[in-house]
Amino acid sequence: MTSHRRILLILGGGIAAYKTLELIRRLRESGCSICAVLTDAASQFVTPLSVASLTNEKIYQGLFDLTNETKIGHIQLSRDADLIVVAPATADLMAKMAAGLATDLATTLLLATDKPVLIAPAMNVRMWEHPATQRNLKQLKKDGVKIIGPNEGDMACGEFGLGRMAEPAEILKSIIVQFEKQNDRVTKLKSLDTKEHTKPLDGCRALVTAGPTWEPIDPVRYLTNRSSGKQGFAIARELVEAGANVVLVAGPVALNDPRGLKTVRVETAEQMLAACEHILPVDIAICAAAVSDWCASSQAINKLKKSSISSRQLELKENPDILKSISMKSKDRPKLVVGFAAETEDLIKNATEKRKAKGCDWMVANDVAPGTDAMGGNTNQVHLITSDGVEAWPQLPKTEVAHSLVTRIGHHLRARAASSPGKKQGGKRDR
Ligand code: C5P
C-alpha cells in the first residue's frame with residue numbers, strides 16, 4: 001500500500017546543494033520517502049553522510065553502487081519513484097539531460113525513467129543566460145521536464161542576476177503541484193502547504209524608498225550623494241518574498257527593477273515625495289533613500305558660468321522630509337514607519353534623536369564613515385533603534401540585513417495584530 005509518495009532526488013554539484021538538505025527535511029516531514037543520488041560534483045558541496053542522515057536511506061553515487069546489488073538496477077531505482085527531482089540542476093546536468101547522455105548514475109537514471117521530472121536549475125547568471133543553456137532549457141521543456149526557478153538575486157560568486165536555485169518552500173510547492181497533477185493522495189502535503197506557506201506579510205501593502213536623489217543646479221549639474229540603492233532594493237525584494245504588495249520609489253541608481261513589484265523612478269526629493277504621497281496609504285513604509293537634504297534655491301535654465309556664482313556661493317533651500325511627513329500623518333498613517341540614519345559620528349546618539357524628531361517607529365542606524373562599506377558597498381553594519389532600545393547587528397551582506405529586517409517586521413505586525421485583534425489596518429502608530 002502506498003501511503004506516501006516516493007521521490008528520487010538527484011543532487012547536482014553546485015553551492016545551492018546546501019538548500020537541498022532543507023528540502024529533504026521538509027519532504028520527510030510531509031511524509032515522503034526519498035532516495036537520493038549524488039553526482040561526483042555534488043559530494044564536493046554536501047557530504048553523502050548528511051544526505052543519508054536526512055533521508056534515513058542508503059544514498060547512491062556511482063553506477064557500481066547498483067550493479068553490486070542484484071535486486072536494484074538503475075531501471076528499478078527510477079521506477080520506484082513517483083517523481084524525479086533534480087536540485088540543484090547545474091548547467092552541465094541540464095546539457096546532458098537535453099542531449100540524452102548517460103555518462104554516470106544520475107544521467108542514466110534520468111534517461112531510463114518514464115516518471116515525471118522536475119528540475120531546479122542553479123548556476124551563475126552568465127551560464128544561465130548563455131544561448132547553449134537556454135537552448136537546453138527549451139529542449140527540456142519540450143521533453144516534458146518541469147522547471148522551477150531559477151530566482152534572481154545575489155550569487156555566491158559575487159554577481160547578481162538570475163541563477164539562484166528556487167527556495168526549498170518553492171520547490172516543495174512545485175512538487176505538490178506535480179502530485180496534484182498526478183491526481184493522487186496529497187492531503188498530507190496539502191495541509192503542510194497551507195500551514196507553512198502562508199507568507200508573513202500576505203495582504204500587506206509596503207512602500208520603500210531607495211537610492212540618492214539628484215537636485216539640479218542647472219541643466220548639467222546636480223547635488224547628490226554616494227548611495228547605491230542596494231539596501232533599499234534588497235528590502236523591497238525581501239518584502240515581496242514575505243508576501244507584501246510592494247511599491248519601490250527609487251532615485252537614480254544603476255539597478256534593474258526587481259521582479260514582482262512596482263518600481264517608480266524619480267530624480268529629485270520633490271518627485272520622491274509626490275510619488276510616495278500618490279502610493280499612500282500603506283501598512284509599512286521603509287525610507288531607505290538617502291534623500292538630499294538640500295536643493296538649489298532656484299534652478300538655472302542655462303548652464304551657469306563660473307563667473308555667475310558670486311564668491312563661489314550656491315544658494316540652497318531645504319528639501320521636504322519624506323520620512324517625517326509619512327510619520328506625522330494624522331490620517332492613514334502606516335502601521336510601521338522605518339527610517340535609516342546614515343551617520344559618520346555619534347551614530348547611536350544622532351540616530352536616536354533623529355527617530356524622535358522625525359516621528360518614525362524604528363530607525364536603522366548605519367555608520368557611513370570613510371572606510372566602511374555601507375555607502376555603495378555590499379555589506380552593512382546597522383543598529384536597530386526602537387522604543388525598546390538599541391540592538392547592534394553584526395556586519396552582514398545587505399541582502400541579509402534586508403532579510404532580518406523584514407523577518408522582524410513580520411513578527412512585529414503579527415504580535416501587534418494578536419494584541420489588538422479586529423483592529424483596522426493603518427491605525428495608530430507603533431511606538
Ligand atoms: O536627516 P537624514 O537625511 O539623516 O535622515 C535620514 C532618514 O530620513 C532616511 O530614512 C531618509 O530616507 C529620510 N529622509 C527623507 N527625506 C529627506 C531627508 C531624509 O525621507 N528630505
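The values are calculated or read from the model by the stated rules, or taken from the named source; none is laboratory data. For clarity, every value in this text was computed on a predicted model and none was experimentally measured. Neighbour counts run over all protein chains shown; Cβ positions are idealised from the backbone, glycine included.
Results, tabulated for the structure shown:
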| read-out | value |
| --- | --- |
| Whichever residue in the stretch 26-57 is in contact with a strand residue (DSSP E or B) (Cβ under 8 Å, 6 or more places away or on another chain) and among the charged types (D, E, K, R) and, among such residues, is surrounded by the fewest Cβ atoms within 10 Å (Cβ to Cβ) | 57 |
| Residues satisfying the stated conditions in the stretch 279-337, i.e. within 17 Å of residue 216 (Cβ to Cβ) and among the β-branched types (Val, Ile, Thr) | 291, 301, 309 |
| First in the stretch 365-390 and at pLDDT 90 or above, second anywhere and of a type in the set (Asp, Glu) and surrounded by fewer than 22 Cβ atoms within 10 Å (Cβ to Cβ), Cβ under 6 Å, 6 or more apart | 384/391 |
| Any hit, the stretch 329-352, residues being within 12 Å of the ligand (Cβ to nearest atom), out of contact with any strand residue (DSSP E or B) (no Cβ under 8 Å at 6 or more places or on another chain) and basic (Lys, Arg) | no |
| Counted residues, the stretch 22-54 - those being assigned to a strand (DSSP E or B) and of a type outside the set (Gly, Ala, Ser) | 4 |
| Within the stretch 308-342, tally of residues that are crowded, with 19+ Cβ neighbours inside 10 Å and either of a type in the set (Phe, Trp, Tyr) or outside any loop (DSSP other than H, G, I, E, B) (or both) | 11 |
| Per-region count, the stretch 263-287, residues part of a helix (DSSP H, G or I) and of a type in the set (Val, Ile, Thr) | 1 |
| Residue match in the stretch 94-107 (condition: surrounded by 19 or more Cβ atoms within 10 Å (Cβ to Cβ) and farther than 18 Å from residue 38 by Cβ) | yes |
| Residue match in the stretch 313-322 (condition: in the same structural domain as residue 209 (by TED's automatic domain parsing), within 30 Å of residue 415 (Cα to Cα) and either away from the ligand (no atom under 11 Å from the Cβ) or touching a Cys at 6+ places or on another chain (Cβ under 9 Å) (or both)) | yes |
| Residues that are within 10 Å of the ligand (Cβ to nearest atom) and surrounded by fewer than 19 Cβ atoms within 10 Å (Cβ to Cβ), drawn from the stretch 354-383 | 357 |
| Check on residue 221, of a type in the set (Lys, Arg), within 15 Å of the ligand (Cβ to nearest atom) and out of contact with any helix residue (DSSP H, G or I) (no Cβ under 9 Å at 6 or more places or on another chain) | no |
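For every residue, the table says whether it meets (1) out of contact with any Cys (no Cβ under 7 Å at 6 or more places or on another chain); (2) more than 30 Å from residue 306 (Cα to Cα); (3) surrounded by fewer than 19 Cβ atoms within 10 Å (Cβ to Cβ).
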{"position": "212", "(1), (2), (3)": "yes, no, no"}
{"position": "227", "(1), (2), (3)": "yes, no, no"}
{"position": "231", "(1), (2), (3)": "yes, yes, no"}
{"position": "252", "(1), (2), (3)": "yes, no, yes"}
